[in-house]
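Down below is the structure, laid out as structure tokens.
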Amino acid sequence: MPSSRTARTPARQASTQPAIVWFRDDLRLADHPALHEAVASGRPLICLYVLDDKTPALHPAGAALRWWLHGALADLRAQLQSRGGTLLTLAGSAEDLIPKFARNMDAASVYWHHRLHERERAQDDRIRQALEQQGCEVRTHWGTVLLDPDLVSTKQGGFYKVCGSFWKALQTHAVPEPLGIPDMSSFQDVPESVLQDVRLNEAELCPQAPDWASGFRTTWEPGEAEGQEHLEDFLKDAVAEYPRGRDRVAEEGTSRLSPYLASGAVSPRQVWAALQKHGAHTDGPRIFLSELGWREFARYTLYHLPQLPFENLSPKFSGMHWRKNAADLKAWQRGQTGVPIVDAGMRQLWQTGWMHNRARMIVGSFLTKHLLIDWKEGEAWFRETLVDADFANNAMNWQWVAGTGIEATPFFRIFNPTRQAEKFDPDGDYIRQWVPELRRLSGKALFEPWAAKEADLRQAGVVLGRTYPRPIVDLKDGRDRALQAFRAL
Ligand code: FAD
């Protein structure tokens, strides 16, 4: 539901005063309730994005996300230009820029979608107050979730702490139908003087020297149409097989929609509606939708438990003695742990900005259990390197993997990376792709080169400690150490 707390003063009714749409993590034209309402106001439109590294409510955008943003902003601008408008991109403190810009443009109203975390909401409230004080109306909508999180509550009026119950409760509500692209006909020109010193230098979003993004460019094309294409292709080719395919790390068994959802090129309501149309009752679509349920639950949890990205949700872990070992952390980050399935996942991440979900679970378990390193280190690295970096999903999943969350896998359930590789990369294709120095190994030797016969290694051209690292931790010792630390809690 739209909300507005400002009574408009008659003096500011002139329809020549522009309406500003403030784009954030909703970089699309379709199913954009804020844009829709702004267009319906009949006022000339100004479309705006602010990259805020000065007063970010949570963290500044990581390097991989910046690369993604570069393409996503260009796509949105091109779409607006084809309709006679443009997208202005500014850099600086949103708290300063938005009210100042609205004042300079004598804007009548500003439209945006709610954010979830209490710090984000507090910041939005401050911006709202500043705008309202200068007589500018603020209109807000839910545009990045399926439903307003306040609508889904327990019988006692509290919030759900288990995803299954939350998802069941959410589905008793009607999810709004996605909106189309509104018919935009009138845009407001913005004089260069207003933009001086605050224009975002978009080229700086991309890496210069070294240019580490070549693997990103061959893997991804940011943009709204590309996001829709991913969704359509997935529904056509892979959703029926999703219950099996989603765990096969070498296959394209998942939708790869995550960066499009994270940047808002695709909305969750569009995905929901497409699945309903496709027939959500068979196993593939139903299980796929339940993953969208995890996304929604992560946002819902971030909304209700703002400590999610910062603290163990299970207080038992406040006394946990995590190891601080910079060398082990670096080996994990660079995919040089000597454990092939872990290294494959970490290198896929480094080279493409994305990692398969099963691999994320394996590398997460390895970091927090075999290496006994705090999940916050993993969360920070993913935040910097994922094109789908997303505060809610990232923090909730890290807490799930580490066993520190509210609905998490128990800490003592420790993934054995070799068993995981045998099960989910049975032919070793994923390891061979991302750890090419092992590609001539076969069978068990590929999953555990440290246990391979010397002759097999020699034949495959592998020299442990030289062409590929010896494991930085003995899997059994690492497991025992983790269990001991857990018992000591
Ligand atoms: P699909 O299997 O096709 O799923 C469709 C969509 O459902 C995804 O795009 C995503 O939006 C949502 N989804 C799927 N699995 C999950 C999940 N476990 N939790 C929440 N939402 C889910 N996802 C992010 O979007 N951003 C992150 O920063 C992120 N960090 C993660 C960190 C760890 C340690 C782990 C284990 C998982 C993380 N995930 C994150 C969740 C998941 O790995 C990705 O969403 C998924 O791999 C994206 O690929 P896909 O779009 O092909 O997924």
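The numbers here are math on the coordinates, done by the rules we state, and not lab data. What you see is a predicted model; the values in this text were computed from it and never measured. Glycine also receives a Cβ, built like all others from the backbone with ideal geometry; neighbour counts cover every protein chain displayed.
So the values come out like this:
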{"read-out": "Mean residue ellipticity (222 nm) of the chain, computed from DSSP H runs ≥ 4 via -39,500 (n - 2.57), nearest 500", "value": "-13000 deg cm²/dmol"}
{"read-out": "Inter-probe distance in nm under a simple model that places probes 7 Å from Cα toward Cβ, at Arg458 and Glu204", "value": "5.7 nm"}
{"read-out": "Arg323 long-range amide H proximity, modeled H, under 5 Å", "value": "Ile373, Asp374"}
{"read-out": "Whether the range 129-240 is rounded, prolate or oblate, judged on the alpha carbon gyration tensor where a/c under 1.5 counts as rounded", "value": "oblate"}
{"read-out": "Quotient of C-alpha Rg and 2.2 N^0.38 Å, computed over the range 228-346", "value": "1.35"}
{"read-out": "Relative contact order (%) - criterion: Cα under 8 Å, at least six apart; region: the range 181-334", "value": "15 percent"}
{"read-out": "³J(HN,Hα), Karplus 6.51/-1.76/1.60, whole Hz, each residue of the range 410-420, x for Gly, Pro", "value": "x, 4, 6, 8, 10, 5, 8, x, 5, 4, 4"}
{"read-out": "Amide proton proximity set for Glu137, modelled H, under 5 Å, gap of 5+", "value": "Ser109, Val110"}
{"read-out": "Rounded tilt (10° steps) of 268-278 against the dominant C-alpha axis of the chain", "value": "70 degrees"}
{"read-out": "For the range 367-382, Karplus couplings with θ = phi - 60° (6.51, -1.76, 1.60), whole Hz, Gly/Pro x", "value": "5, 7, 10, 4, 9, 6, 9, 3, 4, 5, 5, x, 4, 5, 5, 5"}
{"read-out": "Fewest-first sequence of Thr172, Thr282 by Cβ atoms within 10 Å of each Cβ", "value": "Thr172, Thr282"}
{"read-out": "The range 78-189: radius of gyration and largest Cα-Cα distance (Dmax), Å", "value": "18.0, 51"}
{"read-out": "The range 62-140: C-alpha gyration tensor shape, a/c 1.5 cut-off, then a/b vs b/c", "value": "oblate"}
{"read-out": "Distance from the range 374-394 to the range 433-489 (C-alpha centre basis), Å", "value": "26 Å"}
{"read-out": "Gyration tensor verdict on the range 57-99 (Cα atoms; rounded if a/c is under 1.5, prolate if a/b is larger than b/c, oblate otherwise)", "value": "oblate"}
{"read-out": "Links that overshoot a 27 Å alpha carbon limit, given the list Lys369/Lys444; Lys376/Lys476; Lys161/Lys423", "value": "Lys161/Lys423"}
{"read-out": "Per-residue HN-Hα couplings for the range 471-482 [Karplus 6.51, -1.76, 1.60; θ = phi - 60°; Hz; x = Gly/Pro]", "value": "x, 6, 8, 6, 4, 6, 4, x, 5, 4, 4, 5"}
{"read-out": "For the range 208-265, average projected area of the Cα convex hull in nm²", "value": "4.9 nm²"}
{"read-out": "Projected-area mean, the range 426-466, by convex hull of Cα positions, square nanometres", "value": "2.6 nm²"}
{"read-out": "Built amide H within the under 5 Å cut-off of Arg199, gap 5+", "value": "Ala91"}
{"read-out": "Rg [Å, one decimal], Dmax [Å, integer] - the chain, C-alpha atoms", "value": "24.1, 87"}
